[in-house]
Amino acid sequence: VQLVESGGGLVQAGGSLRLSCAVSGSTFSINVMGWYRQAPGKQRELVAAIISGGGSTKYADSVRGRFTISRDNAKNTMYLQMNSLKPEDTAVYYCGARTVVNTYWGQGTQVTVSS
């Protein structure tokens with residue numbers, strides 16, 4: 001499984017960004033996909049996740065109501081729509097995909113929110 005993120009950048013507080021994660025390889029083996037982020041000096045944390053098949057979603061409390069995770073199976077792409085961005089959302093955002101035997105990561109994309 002290969003993952004490539006795009007869509008990060010610099011935005012003012014209150015603005016919006018949409019991240020994309022292009023997925024290739026053994027996509028049929030993926031059980032869960034998610035967006036994670038890591039700010040300087042902090043551990044990587046789960047932002048949002050989406051379950052393959054049923055499509056149920058899960059969000060961190062800090063982003064619920066502002067961020068929306070989705071996937072387009074025809075395009076093998078997962079998205080994270082981020083609205084009402086705050087300076088504390090600044091981090092490197094990673095796409096992750098979990099199978100029964102492994103977890104795969106993209107290279108990350110920087111999101112910077114200025115106050």
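Could you name every one of the strands (runs of 3 or more DSSP E) located completely within region 1-54 that has at least 1 residues being farther than 16 Å from Thr77 by Cβ and either open to solvent by 40 Å² or more (accessible area, probe 1.4 Å) or not acidic (Asp, Glu) (or both)?
Those strands (runs of 3 or more DSSP E) span 9-12, 32-38, 45-51.
Tell me, please, whether a residue that is modelled with pLDDT of 95 or more and either closer than 15 Å to Val113 by Cβ or touching a His at 6+ places or on another chain (Cβ under 8 Å) (or both) can be found in region 24-35.
Checked against the condition, which is being modelled with pLDDT of 95 or more and either closer than 15 Å to Val113 by Cβ or touching a His at 6+ places or on another chain (Cβ under 8 Å) (or both), region 24-35 yields no hits at all.
Conditions tested, residue by residue: (1) without any contact (Cβ under 8 Å) to a residue 40 or more places away in the chain; (2) not hydrophobic (A, V, I, L, M, F, W, C).
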{"residue": "Cys21", "(1), (2)": "no, no"}
{"residue": "Thr27", "(1), (2)": "no, yes"}
{"residue": "Tyr59", "(1), (2)": "yes, yes"}
{"residue": "Ala74", "(1), (2)": "yes, no"}
{"residue": "Leu80", "(1), (2)": "no, no"}
{"residue": "Asn83", "(1), (2)": "no, yes"}
{"residue": "Ala91", "(1), (2)": "no, no"}
{"residue": "Tyr94", "(1), (2)": "no, yes"}
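Results for (1) open to solvent by 50 Å² or more (accessible area, probe 1.4 Å); (2) at pLDDT 95 or above; (3) farther than 16 Å from Val32 by Cα, shown as yes or no for each residue.
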{"residue": "Met78", "(1), (2), (3)": "no, yes, no"}
{"residue": "Cys95", "(1), (2), (3)": "no, yes, no"}
{"residue": "Val100", "(1), (2), (3)": "yes, no, no"}
{"residue": "Ser114", "(1), (2), (3)": "no, yes, yes"}
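The values are calculated or read from the model by the stated rules, or taken from the named source; none is laboratory data. Bear in mind that the values here come from a model prediction, so they are computed numbers and not experimental data. Cβ sites come from the backbone with ideal geometry, for glycine too, and all protein chains shown count toward neighbours. When the accessible area is computed, the model is the full protein with side chains, heavy atoms only, and any ligands, DNA or RNA have been set aside. Shrake-Rupley method; radii C 1.70, N 1.55, O 1.52, S 1.80 Å.
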